[in-house]
Amino acid sequence: MYKDFEEYVKYLNKNIKISTEELGYDNLSIKVLNNNLNFENYNDEFTKKGFCIIDDFLKPEYCERLRKFTLAYNIKEDIYESYAAINFSKNGKHIWFRLLSNISQEIKDNFKFLKNLNYRRGWSFIHENLQKTSVEKHFDPNSLITFNLWCTPDECSFADENYNGVIIYDTFDIDKINISKKNIIPYKWNRAVVFDSRKIHESQCSRFKPGYENRKINYTFLFK
């Protein structure tokens with residue numbers, strides 16, 4: 001079972017509580033996606049392959065802000081064997097904070113393949129440092145396009161191509177993964193992986209350095 005209470009308390013004792021300015025539904029007064037992203041290229045890549053990889057997705061300070069929010073908030077609805085989730089929504093059922101308004105809206109405004117889609121729901125996962133199991137093979141139900149963003153700095157991880165990333169299979173049928181192409185996307189801080197939500201995908205197990213602040217954190221945004 002995922003447990004982190006003692007490390008969480010130690011973290012809070014060293015850090016300022018979340019500012020109430022973070023919470024709310026209104027957008028921050030600045031654009032948060034990286035100004036240098038070539039959205040035309042990413043749109044073309046996604047259309048051809050059914051997924052694309054976007055490095056330096058957010059301005060660095062906002063990727064760090066996402067990480068710190070999950071480290072500090074740590075009130076989770078979904079707890080699994082080696083990771084846990086914080087769910088986000090604007091319907092009052094889950095927490096929301098202003099930076100999420102910017103990200104979800106700026107994504108919608110800049111990617112052509114989202115023209116007729118809308119943000120549906122999202123979450124962040126915080127993973128144990130050394131996992132024996134992770135997010136298993138699945139597709140994202142009630143969604144058409146998934147944005148996954150990694151928020152823990154690269155220096156916090158043990159670099160290894162067999163760990164920390166995500167695997168996307170070129171199939172919608174879980175019974176056909178053994179004969180389908182296997183796309184392994186390595187972990188990288190501030191890297192967004194965008195893919196057709198119906199594709200079967202899974203997370204590699206985490207290998208991150210000891211300590212609560214080194215844990216792998218990722219954010220997911222679903223559009224339909």
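The values are calculated or read from the model by the stated rules, or taken from the named source; none is laboratory data. Treat the numbers as computed from the prediction; the structure is a model and nothing was measured. Don't worry about glycine lacking a Cβ; one is built from the backbone with ideal geometry, like all the others, and counts go over all protein chains shown.
Tabulated results
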{"read-out": "Members of segment 141-183 found to be within 25 Å of W123 (Cβ to Cβ) and among the hydroxyl-bearing types (S, T, Y), listed by number", "value": "S143, T146, T152, S157, Y163, Y169, T171"}
{"read-out": "Within segment 135-154, considering residues that are at pLDDT below 95 and either of a type in the set (D, E) or closer than 23 Å to S206 by Cβ (or both), the one surrounded by the fewest Cβ atoms within 10 Å (Cβ to Cβ)", "value": "E136"}
{"read-out": "Whichever residue in segment 135-148 is touching a residue at least 60 places away in the same chain (Cβ under 8 Å) and assigned to a loop (DSSP other than H, G, I, E, B) and, among such residues, is nearest to F172 (Cα to Cα)", "value": "F139"}
{"read-out": "Selected residue (only one of L28, L100 is within 30 Å of D4 (Cβ to Cβ), crowded, with 16+ Cβ neighbours inside 10 Å and over 16 Å from the mean Cα position of the chain (by Cα))", "value": "L28"}
{"read-out": "Any hit, segment 73-83, residues being more than 26 Å from S29 (Cβ to Cβ), surrounded by 15 or more Cβ atoms within 10 Å (Cβ to Cβ) and among the hydrophobic types (A, V, I, L, M, F, W, C)", "value": "no"}
{"read-out": "Candidate set: segment 118-134, residues that are out of contact with any helix residue (DSSP H, G or I) (no Cβ under 8 Å at 6 or more places or on another chain) and not in a strand (DSSP E or B); chosen: the one surrounded by the fewest Cβ atoms within 10 Å (Cβ to Cβ)", "value": "K132"}
{"read-out": "Which listed residue, of F51, F57, is under 18 Å from the mean Cα position of the chain (by Cα), buried (at least 17 other Cβ atoms within 10 Å of the Cβ), touching a residue at least 60 places away in the same chain (Cβ under 8 Å) and under 16 Å from T152 (Cα atoms)", "value": "F57"}
